[in-house]
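Notes follow once the structure below has been shown.
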Amino acid sequence: MRRITLFFLLSSFLFACVPAQPTDASQTVTIYATPAAQPWLDKLYACADSASVILNVEPGAPDILLRVGPPEGLSTPSFQIDTEDILIVVNRTSPLQNLTIEQARVLFAGQGDPSFRVWVYPAGEDVQAVFDQAVMDGRRVVSSARVAVTPQQMSDTLNADVTAVGILPRHWKMGTVRDVFTLPAVPVLAITPSEPQGLVRDLIACLQK
């Protein structure tokens, strides 16, 4: 009886010392979305959930990067998953009316009505890069422009300040602001560091549905 008891005690000790098995790394995909592309994260999470995939959000070298518009010098695979309109937006009580592209260019270059406060994003942000290329066409945004770090901050500012003029992706247009210029159908991209395989390929295919 004493030997049997000792056997069970030793067995219990051995099982207690066995480390927990790690999560299968093959079921984990690293992702990141720029602030402007965050509205598409919900669909990506839904795709991952249906495939029992764990998503790890990490800005450094993700398996899937979501962004609005292509980065300069893109050399890795990219897949269009949607389109987004880029808007010039003002407070609902602003006297500013619809702009032509030349009027928008003049305003953001600081050569328009000085009573308006121009708001932009940090250099290198995807929406700002699209705006600089498609709207400014080589002209610099005025150096006195205020900077919003995220579309949410831009939206809050435009809703609160009657003199503010800023840039918003349509998915981030909230409150009672008005758009006075539209750059339509900018591609929303899923970018991968190499040709996607397995789970990454399946998630991108799901995003494109």
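Quick notes on this structure:
- Scanning the range 56-78 for residues that are buried (at least 22 other Cβ atoms within 10 Å of the Cβ) and closer than 11 Å to PRO187 by Cβ yields ARG67, VAL68, GLY69.
- Filtering the range 108-140 to residues that are in a loop (DSSP other than H, G, I, E, B) and surrounded by 20 or more Cβ atoms within 10 Å (Cβ to Cβ) leaves TYR121, GLU125.
- Exactly one residue out of ARG105, ARG92 is in contact with a Ser or Thr (Cβ under 8 Å, 6 or more places away or on another chain) and either in a helix (DSSP H, G or I) or loosely packed, with under 15 Cβ neighbours inside 10 Å (or both): that is ARG92.
- Scanning the range 143-171 for residues that are touching a helix residue (DSSP H, G or I) at 6+ places or on another chain (Cβ under 6 Å) and part of a loop (DSSP other than H, G, I, E, B), we see that the one that is farthest from VAL68 (Cα to Cα) is ALA148.
- Residues (among the hydrophobic types (A, V, I, L, M, F, W, C) and either within 19 Å of PRO184 (Cβ to Cβ) or buried (at least 18 other Cβ atoms within 10 Å of the Cβ) (or both)) located in the range 146-171: ALA148, MET154, LEU158, ALA164, VAL165, ILE167, LEU168
- Taking first residues from the range 131-152 that are in contact (Cβ under 8 Å) with a residue 24 or more places away in the chain and partners that are in a strand (DSSP E or B) and of a type in the set (Ser, Thr, Tyr), no Cβ contact under 7 Å between residues at least 6 apart in sequence or on separate chains turns up.
- Any hit, the range 60-81, residues being in the same structural domain as ASP202 (by TED's automatic domain parsing), assigned to a loop (DSSP other than H, G, I, E, B), in contact (Cβ under 8 Å) with a residue 24 or more places away in the chain and of a type in the set (A, V, I, L, M): yes
- Any hit, the range 184-199, residues being in contact (Cβ under 8 Å) with a residue 60 or more places away in the chain, closer than 20 Å to VAL135 by Cα and either assigned to a helix (DSSP H, G or I) or of a type outside the set (A, V, I, L, M, F, W, C) (or both): yes
- Scan of the range 172-183 for residues that are within 17 Å of LEU99 (Cα to Cα) and in a loop (DSSP other than H, G, I, E, B), ordered by number: VAL177
- The combined condition, being among the acidic types (Asp, Glu) and at pLDDT below 95, is fulfilled by GLU58.
The values are calculated or read from the model by the stated rules, or taken from the named source; none is laboratory data. From a predicted model like this one, the values you see are computed outputs, not experimental measurements. Counting neighbours? That spans all protein chains shown, and the Cβs are built from the backbone with ideal geometry, glycine included.
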